[in-house]
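The values are calculated or read from the model by the stated rules, or taken from the named source; none is laboratory data. The structure presented is a predicted model; accordingly, all values stated were derived computationally and were not measured. No Cβ is skipped: glycine too gets one built from the backbone with ideal geometry, and neighbour counts run over all protein chains shown. Note: accessible area is taken over every heavy atom of the protein model, side chains too, but ligands, DNA and RNA are not part of it. Shrake-Rupley method; radii C 1.70, N 1.55, O 1.52, S 1.80 Å.
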Amino acid sequence: MLITPFTIDFEWHSARECSYLPNPDASMILNEGSLTALLKSQSDQFRVDVLREQWLASNVLHKDLLGEQCRQIQCREVLLVCDDVARVYAQSWISTQASDLGVRQLGSRPLGEVLFQDESWQRSELEVACVNNLSGYDALLNDLQLPLQSMYARRRVFTNREAKIMVCEVFLPKVNYAAQLAK
């Protein structure tokens, strides 16, 4: 059975156009550095839960971001978990050239660590989107016992010669523990 990745076909805007986001995670969303490093610094325990990794035939959107030569991509979907709470859903599109450069079979190792520790990976401008249509994400949010509410996402493309990787991070709603305890 073919399991398709969650859609990330959002209305993307330059992060420079989004200097103010009405979200408590705005500084994290607009941060140009490694999200992995930032999340690790803000939590006692950090882990990557791999949802799925699969090879897909490239479509128009993949080719727009990764180049016309991109025929196939590895799609990696993970949750970034801090102190046992899922904070970010991340989806990466890894070109075959990038996979050949050692970005293959990461397991639970964060992709961000690989990309930010190797200076040969150049980063594109950060883009931001508001995720209002939760179709597809509703099951994930329900499974994680998170509220069904709008979220923000960010993406960028990392390039190392011919190799390209698109990383999209969707910031999951936070659980209001005080409100849950009051029930």
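Scanning the range 12-46 for residues that are closer than 18 Å to Val157 by Cα, among the polar types (S, T, N, Q) and touching a residue at least 60 places away in the same chain (Cβ under 8 Å) turns up Ser14, Ser34, Thr36.
Might you check whether a residue that is over 25 Å from Asp9 (Cβ atoms), more than 16 Å from the chain's Cα centre (by Cα) and not basic (Lys, Arg) occurs anywhere in the range 47-64?
Looking for residues that are over 25 Å from Asp9 (Cβ atoms), more than 16 Å from the chain's Cα centre (by Cα) and not basic (Lys, Arg), one finds none in the range 47-64, hence no.
Filtering the range 91-127 to residues that are open to solvent by less than 10 Å² (accessible area, probe 1.4 Å) and closer than 15 Å to Gly33 by Cβ leaves Leu115, Leu126. Name the single residue that is modelled with the highest pLDDT among those in the range 168-183 being among the aliphatic types (A, V, I, L, M) and open to solvent by 20 Å² or more (accessible area, probe 1.4 Å). Going through the qualifying residues, I end up with Val175. For the range 136-153, the count of residues that are in contact with a Phe, Trp or Tyr (Cβ under 6 Å, 6 or more places away or on another chain), touching a residue at least 40 places away in the same chain (Cβ under 8 Å) and open to solvent by 10 Å² or more (accessible area, probe 1.4 Å) is at least one. Would you confirm, using the coordinates I've provided, whether Phe158 is at pLDDT 90 or above, surrounded by 13 or more Cβ atoms within 10 Å (Cβ to Cβ) and aromatic (Phe, Trp, Tyr)? Yes, satisfied.
Out of the residues in the range 2-25 that are in contact with a Phe, Trp or Tyr (Cβ under 7 Å, 6 or more places away or on another chain) and open to solvent by 20 Å² or more (accessible area, probe 1.4 Å), which is farthest from Cys168 (Cα to Cα)? Write out each step before concluding.
First pass over the range 2-25, keeping only residues in contact with a Phe, Trp or Tyr (Cβ under 7 Å, 6 or more places away or on another chain): 6, 21, 23, 25.
Filter once more, so that each one left must be open to solvent by 20 Å² or more (accessible area, probe 1.4 Å): 6, 23.
Details: Phe6: 11, Asn23: 18 Å.
The extreme case among them is Asn23.
Among the residues of the range 14-46, write down those that are over 17 Å from the mean Cα position of the chain (by Cα) and of a type in the set (Lys, Arg). Within the range 14-46, Arg16 is the sole residue that qualifies. For the range 1-54, filtered to residues that are modelled with pLDDT of 90 or more and among the aromatic types (Phe, Trp, Tyr), the residue that is nearest to Pro110 (Cα to Cα) is Phe46.
Sort through Asp49, Asp84 and tell me the only one that's in contact (Cβ under 8 Å) with a residue 12 or more places away in the chain, surrounded by fewer than 20 Cβ atoms within 10 Å (Cβ to Cβ) and at positive phi. Don't jump to the end; show me each part of the working.
Values: Asp49 fails: at positive phi.
The match here is Asp84.
Can you pull out every residue in the range 52-81 that is among the aliphatic types (A, V, I, L, M), under 27 Å from Met28 (Cβ atoms) and open to solvent by 40 Å² or more (accessible area, probe 1.4 Å)? Selection gives Leu61 alone.
Restricting to the range 52-90, name every residue that is of a type in the set (Asp, Glu) and under 23 Å from Ser34 (Cα atoms).
Residues of the range 52-90 of a type in the set (Asp, Glu): 53, 64, 68, 77, 83-84.
If the condition is that a residue be of a type in the set (Asp, Glu) and under 23 Å from Ser34 (Cα atoms), then Glu53, Glu77, Asp83, Asp84 are the ones that fit.
The C-beta contact set for the range 119-135 (first residue among the aromatic types (Phe, Trp, Tyr), second residue part of a strand (DSSP E or B), distance under 9 angstrom, 6+ apart or interchain) comprises Trp121/Phe158; Trp121/Thr159; Trp121/Asn160; Trp121/Ala163; Trp121/Ile165. Just checking, how many residues over the range 26-46 are assigned to a helix (DSSP H, G or I) and surrounded by 11 or more Cβ atoms within 10 Å (Cβ to Cβ)? Matching residues across the range 26-46 total 9.
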